[in-house]
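Contents: one structure, followed by commentary.
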Amino acid sequence: MKIKNYVIGVDYGTDSVRSILVDAGNGHEITASVCYYPRWKQGLYCDPSANRFRQHPLDYIESLEHTVRQCIARAGEDIANNVRALSVATTGSTPVAVNESGMPLALLDAFKENPNAMFVLWKDHTSVKEAAEINEHAGRFNTHYLRFAGGIYSSEWFWAKLLHILRTDEQVRKVCYSWVEHCDWIPFLLTGGNHASRIKRSVCAAGHKALWAEQFGGLPPEEFFSSLDPLLKGFRSRLFSHVYTANQAAGKLSSEWAARLGLHTDVQVGIGAFDAHMGAVGGQIEPYHLSKVMGTSTCDMLVAPLNEVENKLVKGICGQVNGSIIPGMMGMEAGQSAFGDTYAWFKKILAWPVEKLLQNNLYTADTSRQLSEEISARILTELSKEAEKIPVTEHAELALDWFNGRRTPDANQLLKGAICGLNLGSQAPAIFRALVEATCFGAKKIVDRFHDQGIPVKGLIGLGGVARKSPFIMQMLADVINMPIRIHRSEHTCALGAAMFAATVAGIYPKVEDAMQAMGNGFEITYYPDSSKAPVYARRYQQYNLLGNFIESQTTVS
């Protein structure tokens, strides 16, 4: 009887990690496990009012061990013995300061409660000044070192975050040997790495966030960084010169981690990548089809044959990198800094008085908590039902979706959201509808930018929680962009993409496209645009752009 092969895909999201155990022959999910980061859930080490979002490496380590062990326990020993590979997808840019051995400083006793020694989450915008300095500094060089990163460097990215941490914390600065992305550190950990120089860096993170480009022969020169700030002197030489695609192996599982996960030491560990990049693969991306991973934010991925786009540069996106999504193809990334986070913010606004009143009534604490959770869980569902009934009109409430700044087009994390056109008749469903419409207009801006720069968008693919759970939002997205959007069937698309890469790393498939075809779950629904709404949305879109221009004109770096 033919022995089956199994692989594990791990997806580190903003709030939790999810691991899936998959039959590599057909993509069938044997079991899955999700674990919410305990420290993050308590709000530790974060200050939303200051745009500071940090995650402790122990959250990553403990959650990884819990989810993989749970998958293995549910699947049984026979399946565990036939796991061939494991690959990891993570949020990004989410880097951390490490010592010479490659250990995040927060794992050292002296730094265990220091947020600056922890992973700086993608949504952390404490380095907006540093990003602005990088953009100004780059203009002084004959070589345009930002051109493959969309021409604008973001505070969400690698170098801006490093410079901010070095400037902010002298103790961290003294011990920091190198600076490592989350997606690169986890494979290093699992393979028993013991020196920062041996960390295998992914082309995905290096190209889209760290200014690595094959056209430069690697990173920009030492002079670029040391003349920006002397604190950066020497870091370039302690980072990387060579990068790897996600179909390559980082090594085999160490004996320590094999024991901790319930696996064997022959398991291959793949090179990591960002969650949305692997999610695009899990969602069966096609050339020139924009794959939108829609969760707290969005990450919009597009691939195209190199010979068709290698001489085209798209301004204002999160970069274009050979092999960052599918090896051998150009990978392009864009996205919105807040998508699901916008809806979650509005839900919190509405839930606040309910929670306060329940805390001060005659119910028991358990009853109050249960009622609060039940009401909170239903708010967005009820809002969507009522908002869907509201007809599209030209002069309704209007919103701007920059509640966590603007990722693309043209990164600017200082920008703020806005709601206008309110009157005493404005009710919660109408305001919610305006917020949803704003996120859809933000998505249209991305599609328009690709078109304007000579890259056609031939279709849309919806991935992630919002795509699968909200028909109201997806229908509006199709209507606003005036293009059908297919929703992928997989519940854990990013983890499935990681599993596809794991199957390729293990040699089960010669290339990841073959793994996509064999292991893909297909699409469950397509939303088609209502052409009768197109003229009204076109006028509303013009109003959205005018509002955005005004808000941007009032925004300056202090």
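What are the residues in region 134-161 that are over 25 Å from Y60 (Cβ atoms), assigned to a loop (DSSP other than H, G, I, E, B) and among the hydrophobic types (A, V, I, L, M, F, W, C), if any? Answer for region 134-161, where residues must be over 25 Å from Y60 (Cβ atoms), assigned to a loop (DSSP other than H, G, I, E, B) and among the hydrophobic types (A, V, I, L, M, F, W, C): F141, L146, I152. Within region 225-239, the set of residues being within 20 Å of S197 (Cα to Cα), in a loop (DSSP other than H, G, I, E, B) and of a type outside the set (G, A, S) comprises K233, F235, L239. In region 162-184, which residues are outside any helix (DSSP H, G or I) and either of a type in the set (A, V, I, L, M) or touching a Phe, Trp or Tyr at 6+ places or on another chain (Cβ under 8 Å) (or both)? Scanning region 162-184 gives S178, W179, V180, E181. Inspect region 468-484 for any residue being modelled with pLDDT under 95 and assigned to a helix (DSSP H, G or I) and give the result as yes or no. Looking for residues that are modelled with pLDDT under 95 and assigned to a helix (DSSP H, G or I), one finds at least one in region 468-484, hence yes. Considering only region 1-40, state which residues are aliphatic (A, V, I, L, M), assigned to a strand (DSSP E or B) and either closer than 17 Å to E77 by Cα or outside the structural domain of R69 (by TED's automatic domain parsing) (or both). Within region 1-40, V7, I8, I20, L21, V22, I30, A32 meet the criteria. Restricting attention to region 354-386 and to residues that are within 28 Å of the chain's Cα centre (by Cα) and surrounded by 15 or more Cβ atoms within 10 Å (Cβ to Cβ), the residue that is modelled with the lowest pLDDT turns out to be S376.
Across region 467-483, a minimum of one residue is classified as surrounded by fewer than 20 Cβ atoms within 10 Å (Cβ to Cβ), under 26 Å from H28 (Cβ atoms) and touching a residue at least 12 places away in the same chain (Cβ under 8 Å). Number of residues in region 141-172 that are among the charged types (D, E, K, R), in contact (Cβ under 8 Å) with a residue 24 or more places away in the chain and more than 19 Å from F240 (Cα to Cα) equals 4.
Among residues of region 253-272 that are assigned by TED's automatic domain parsing to the domain that holds A85 and hydroxyl-bearing (S, T, Y), those with a beta-carbon under 8 Å from a residue that is part of a helix (DSSP H, G or I) and crowded, with 21+ Cβ neighbours inside 10 Å at least six positions away or on a different chain give the pairs S254/L190. Looking at region 275-302, which of its residues are buried (at least 24 other Cβ atoms within 10 Å of the Cβ) and β-branched (V, I, T)? Listed by number, the residues that qualify are V281, I285, V293, T298. Can you go through A399, A344 and tell me which one is in contact with a Ser or Thr (Cβ under 9 Å, 6 or more places away or on another chain), in a helix (DSSP H, G or I), more than 30 Å from I134 (Cα to Cα) and not assigned by TED's automatic domain parsing to the domain that holds N247? Just a single option satisfies the conditions, and that option is A344.
Residue count for region 402-418 under the criterion of being part of a loop (DSSP other than H, G, I, E, B) and over 17 Å from the mean Cα position of the chain (by Cα): the result is 5. Quick one: which of Q42, Q55 is surrounded by fewer than 16 Cβ atoms within 10 Å (Cβ to Cβ) and under 18 Å from L121 (Cα atoms)? After applying the criteria, what remains is Q42.
The values are calculated or read from the model by the stated rules, or taken from the named source; none is laboratory data. All values reported here derive from a predicted model rather than from experimental measurement. Don't worry about glycine lacking a Cβ; one is built from the backbone with ideal geometry, like all the others, and counts go over all protein chains shown.
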